[in-house]
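Following: one structure in structure tokens, then a few remarks.
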Amino acid sequence: MENADVFLGLHDFLDRMRQPSAADFVKSIKSFIVSFSNNAPDPERDGALVQEFFANMEAAFRAHPLWARCSDEELESAGEGLEKYVMTKLFTRVFASLPDDVKVDEQLSEKMSLIQQFIRPENLDIKPTFQNEASWLLAQKELQKINMYKAPRDKLVCILNCCKVINNLLLNASIASNENPPGADEFLPVLIYVTMKANPPQLHSNLLYIQRYRRQSRLVGEAAYFFTNMLSTESFISNIDARSLSMEETEFEKNMESARAFLSGLSTDLDSQSNQSDQKVENNLKTVLIESKLQALDSSKERELSIRSKSSETRSGNIRYLKDESSMAKVPSLSDIENKGASMLLEDDLASIVFREYPYLFANTGDLTISDVEDLLNNYKQLVFKYVCLSKGLGGATPSLHPSNSQVHLHHETETVKEHQDTEVVEPNDESQKQITMANSSSTVSLASEENFESKSPLDEAVAP
């Protein structure tokens, strides 16, 4: 399970599947996937079928010349490769396949969203010696990766990494404080706290998926211990009440109501902003554009009066002066362009769509947190309106604030590096977390990329019709 060569073993399995002598294996795997996918979802039956297929195929591997004189590690890697390929193909068919599972996911996530608003380590009787919320963020990050992968082993690794980070943190804390090594009584409360704070997506369905489709012969030892703790964590959160959090009933209900009001307020704001955006944009748009148009007209009148005044004062050179003014008048001023663009936007039925690319254009002051938010918001609005109006007046396309090609390329490279880094435990920056990395680097399990595995699977092309 924790062999550092598992990733290489997967590639070895795929290479063997390319051999002509593996054609029967390829056909069997494809046939199983097709026949399995044609059946209606039945989790208990589906889990039994998959486990039986894995057992039969791994027994066939051992008896086949392709794996002659191979070590037990290589044969185990072949089984891991088989599980990864098959379950990646069947993922959409078997994961959260029942409405009841989806409902439980939603209820569990909602409960964690509420409780995480007010829960504290003291509510779970976590000793001050073992409290380290800043470092627990690392464990939360590992657990939140669980939906990035499709293979049961990879999802299980996310749980194991989370648990190992917690275990190592507790061990380091006990050493630093000269206390006894932490046991289950210290570990489980921290895991519960970390899980509620992380609120991993579809936790219930992910745990069922691992239970049903992870090869049972490999769900043993440390993996089984940590996974069992995660199951206990889910059960605790599902049944959590005031007594579970060492609270008075009235205090618990009050906290839950406050959390509901807070989250409901956020949801209402988002829904209201979505539902009323067109009307709000139209109203604000017309108000600002009319003001802009009036200002532009006033500016034009002032300029015209100034020209007339100068013309009357300098009659001796009026002919040449008027010719110059006539030539200059042919070039539209910024005010004229803005006036023209504002008029075009007012007449445009879909004018509100123009400004949807600017997410903070009609935000309220309270939406931002910096001290000079009001000035920043006003300046931003003026800038956007003038920019769009001028572009409309020039007859050009609606402007966009999308990043340039170089920025997009840089962002893509950054995301690629980030994705590679996310397959391992992130190294903390602050001094308080350096010990975590040192204690954790030797025990966490890195993951292979799902995308690379799928795209390079020879089973998709090994058998010609």
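Within the range 201-230, being at pLDDT 95 or above, closer than 23 Å to residue 93 by Cα and hydrophobic (A, V, I, L, M, F, W, C) holds for 203, 207, 208, 210. Going by what's in this entry, would residue 37 be described as of a type outside the set (Val, Ile, Thr), surrounded by fewer than 13 Cβ atoms within 10 Å (Cβ to Cβ), touching a helix residue (DSSP H, G or I) at 6+ places or on another chain (Cβ under 7 Å) and outside the structural domain of residue 156 (by TED's automatic domain parsing)? In short, yes. Has the range 23-41 got at least one residue that is aliphatic (A, V, I, L, M) and over 36 Å from the mean Cα position of the chain (by Cα)? Yes, some residue in the range 23-41 is aliphatic (A, V, I, L, M) and over 36 Å from the mean Cα position of the chain (by Cα).
Looking at the range 68-89, which of its residues are of a type outside the set (D, E, K, R) and closer than 14 Å to residue 149 by Cβ? Within the range 68-89, 85, 87, 88 meet the criteria. Contact map, the range 198-223: first residue assigned by TED's automatic domain parsing to the domain that holds residue 236 and more than 29 Å from residue 134 (Cα to Cα), second residue small (Gly, Ala, Ser) and part of a helix (DSSP H, G or I), Cβ cut-off under 6 Å, separation 6 or more or different chains; pairs are 212/47. Apart from one condition, residue 247 fits all of (1) farther than 30 Å from residue 82 by Cα; (2) touching a residue at least 24 places away in the same chain (Cβ under 8 Å); (3) part of a helix (DSSP H, G or I); the exception is (3). For the range 111-129, a residue qualifies if it is under 17 Å from residue 143 (Cα atoms) and surrounded by fewer than 18 Cβ atoms within 10 Å (Cβ to Cβ), and the qualifying residues are 113, 116. For the range 138-174, the candidate set comprises residues that are outside any helix (DSSP H, G or I) and not charged (D, E, K, R); within that set, the residue that is surrounded by the fewest Cβ atoms within 10 Å (Cβ to Cβ) is 149. Would you confirm, using the coordinates I've provided, whether residue 55 is over 23 Å from residue 97 (Cβ atoms), assigned to a helix (DSSP H, G or I) and modelled with pLDDT of 90 or more? No, not satisfied. Among residues of the range 24-43 that are in a helix (DSSP H, G or I) and modelled with pLDDT under 95, none has a Cβ under 6 angstrom from a residue that is loosely packed, with under 12 Cβ neighbours inside 10 Å and hydrophobic (A, V, I, L, M, F, W, C) at a sequence gap of 6+ or on a separate chain.
When the criteria are applied in full, residue 218 fails the requirement of being among the basic types (Lys, Arg) and over 30 Å from residue 76 (Cα atoms). Per the listing 260, 214, the residue uniquely among the basic types (Lys, Arg), surrounded by 14 or more Cβ atoms within 10 Å (Cβ to Cβ) and within 24 Å of residue 145 (Cα to Cα) is 214.
The values are calculated or read from the model by the stated rules, or taken from the named source; none is laboratory data. All figures in this text were calculated on a predicted structure; none of them were measured in a lab. Positions of Cβ are backbone-derived with ideal geometry, glycine not excepted, and every protein chain shown enters the neighbour counts.
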